[in-house]
Amino acid sequence: MPRELRVEVLHVIEPGDAGDELVPELRAAAEDRYVLVCRAGGRPSWLDRIAAFLRRDPIEAVTVLADEGATEGEERSLTIAETEHPGVYETVDG
């Protein structure tokens, strides 16, 4: 079921440029799409980062297969759906 997710893009892999960065199953799924490694929830403030560090609350990283590229550090709201790979989502038209 599609859901809305706010993310901060941490790393971008261009289509066909994955090389050995991805496992073979994911590489096949991402062959003609961008792979966006993101922080769920968007960019936290410094206060939120310090509080998360003290609580030992790690960031939630998600991998998104997208038709459109993004810039590292960019914040986006995406409509995503789960894939058969755990922790990997794909963008859907909202």
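Counting each DSSP H run of 4 or more residues in the chain as -39500 (n - 2.57), what helix-only mean residue ellipticity at 222 nm follows after dividing by all residues, to the nearest 500 deg cm²/dmol? Only helices count here, giving -4500 deg cm²/dmol.
Under Stokes-Einstein, with the Kirkwood radius over Cα pairs standing in for Rh, what whole-number D in µm²/s applies to the chain at 25 °C and 0.890 mPa s? Translational D for this selection: 177 µm²/s. Backbone geometry of the range 77-92 corresponds, through the Karplus equation with coefficients 6.51, -1.76 and 1.60 at θ = phi - 60°, to 3J(HN,Hα) couplings of 10, 10, 9, 10, 9, 5, 10, 6, 8, x, x, 10, 10, 10, 6, 10 Hz, x marking Gly and Pro.
By the count of neighbouring beta-carbon atoms within 10 Å, fewest first, 50, 13 end up ordered 50, 13.
Report, in whole Å, the centroid distance computed from the Cα atoms of the range 1-75 and the range 76-94. That distance is 11 Å.
Backbone phi angles across the range 46-56, fed through the Karplus curve with coefficients 6.51, -1.76 and 1.60 (θ = phi - 60°), yield HN-Hα couplings of 4, 4, 5, 5, 5, 4, 5, 5, 5, 7, 6 Hz in residue order; Gly and Pro are listed as x.
Bear in mind that the values in this text are calculations on the coordinates, not laboratory data. All of these numbers come straight from a predicted model, not from anything done at the bench. Quick reminder, even Gly has a Cβ in these numbers, built from the backbone with ideal geometry, and neighbours come from all protein chains shown.
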